[in-house]
1. Charges at C-beta only: +1 for Lys and Arg, -1 for Asp and Glu. How large is the resulting dipole of the stretch 41-181 about its Cα centre, in Debye rounded to 20?
2. Tell me, what is the FRET efficiency for F7 and N36 to the nearest 0.05, using R0 = 25 angstrom and their Cβ-Cβ distance as r?
3. Using mean Cβ contacts within 10 Å as the protection proxy, how do 130-136, 154-160 order, highest first?
4. Mind giving me the nanometre distance, one decimal, between the label points for K47 and E106, set 7 Å out from Cα along Cα→Cβ?
5. Starting from 0.36 nm per residue, how many nanometres of slack lie between Q98 and V21 once their C-alpha separation is accounted for?
6. At L69 and L28, where each label point lies 7 Å from the Cα along Cα→Cβ, what is the point-to-point distance in nanometres?
Amino acid sequence: MDDLVPFGSRMYAQILVLLFVARGMDFLSTWVATPNLVLEGNPLAKKLGWKWGIPLNVALCFGFAFWPLPAIVISTTSVLVAARNFQSAWLMRSLGEQLYRTWHVERVQETSISLYLFCLFGQTVLTAAVGAGVILATNWGHRDEPVALAIGLGIIAYALAVAFYTLLGIVRLRRADKKEDPRKFLSQPFTPITAARDVDGN
């Protein structure tokens, strides 16, 4: 599966369908949770919006369908992100994007930064450990099990994405607090905000 797949072949079509389903679930879960992208934690995706984000992802699906391993990695990560989004999407939609964001920030503000980060890294490290276990089962890629290897890498990529976008949200909030009132920022406990799309992060 390391070689390029010919365009129009049966395998190309299968991988393309896999990518469409995985990326489609990511988009669907995002739309259910935050149709106006108010809670979107990915700055690039938020800037592109639906108008440019959808055609760009369609083009990427056609492109990555040539490479089975990266396609499986992307599909695995996308499905996990979608599942994470669906977990709290009903609450986001019922409360409304702005109200949910305000409610969530208030809850985070009531939590110590050390506890917040401990739980974040506990979640991401344990998730990444599952991916590493899958990879380990393939003898770190030395066995002829490319699909399992790609799935393991996809799980690790998901864990890294959650950690990255959540920490990015914390950094952005910290900068905003400094601009608003430096003295208030120095005198009060640090208040983080989740990022990765705010489904606890999506």
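1. Computed about the Cα centre, the dipole is about 400 debye.
2. Efficiency computed from Cβ-Cβ geometry: 0.10.
3. 154-160, 130-136
4. Between K47 and E106, the label points sit 3.3 nm apart.
5. Contour length minus Cα-Cα distance gives 24.8 nm.
6. 3.0 nm
Quick note: the coordinates plus some simple rules give every number you see, no bench work behind them. Every value quoted in this text rests on a predicted model; they were computed, and no experiment measured them. Cβ: placed from backbone, ideal geometry, glycine included. Neighbour counts: every protein chain shown.
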